[in-house]
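Just below is one structure, and these are the notes that go with it.
The values are calculated or read from the model by the stated rules, or taken from the named source; none is laboratory data. Predicted model, so just to flag it, every value in this text is computed and none were measured. No Cβ is skipped: glycine too gets one built from the backbone with ideal geometry, and neighbour counts run over all protein chains shown. To get the accessible areas, we keep the full protein, side chains included, count just its heavy atoms, and leave off ligands, DNA and RNA. Shrake-Rupley method; radii C 1.70, N 1.55, O 1.52, S 1.80 Å.
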Amino acid sequence: MAEDDVLSNNLLYEYRTISAMVEIYCKAHHPNKPKRGVCQECETFLEYAHTRLDRCPYGQDKPTCNKCPVHCYKPEMKQHARDIMIYAGPRMLLPHPIMAIKHLLAERKPAPGKPPAGVSNRHIRKSKAV
């Protein structure tokens, strides 16, 4: 998936963070995964997460999922994301120390209010295409 074509700045960094967490989770929980990358189930989850990031109503000012007042994931995907983050979050410190620390600092930011209209990454891309 060419995430650089759709996501940028903070959203791209957020996608790379969740991708790193999924790789850690998949390596431990899916023994039949390919040597490089993740299994099909985890790849499907990453595609879903990519779409949700693209459509996030906060756009580039997106808070971390834990602090976000908008629940944009379906309940089963939200639970899957929670399982991944609970498992992989503490294990991020060794393979991705800077990413883990930046994510922990982002968690400390206060929860935002209502998102402004039309600031999602998707809205911005569509307005530029016209």
Above-threshold pairs, the threshold being 26 Å between Cα atoms, out of K33/K78; K67/K128; K27/K78; K33/K62: K67/K128; K33/K62
Cα lying deepest toward the dipole's positive end in the chain, options N32, Q60, M77, charges on Cβ: Q60
The chain, relative contact order [Cα under 8 Å, separation at least 6], %: 34 percent
Dipole magnitude (debye, nearest 20) for segment 1-102, charges at Cβ of Lys, Arg, Asp, Glu: 360 debye
Rg(Cα)/(2.2 N^0.38 Å) for segment 35-108, N = residue count: 1.15
In Å², nearest 10: area of E107 left accessible to a 1.4 Å probe: 40 Å²
Accessible area in the full protein assembly, largest first, 1.4 Å probe, for D54, D83, D61: D61, D83, D54
Rg and Dmax [Cα atoms of the chain; Å; Rg one decimal, Dmax integer]: 14.8, 46
Cys with no candidate disulfide partner in the chain (beta-carbon separation under 4.7 Å rule): C39, C56, C65, C68, C72
Ranked packing of 15-25, 111-121, most packed first, by mean Cβ within 10 Å: 15-25, 111-121
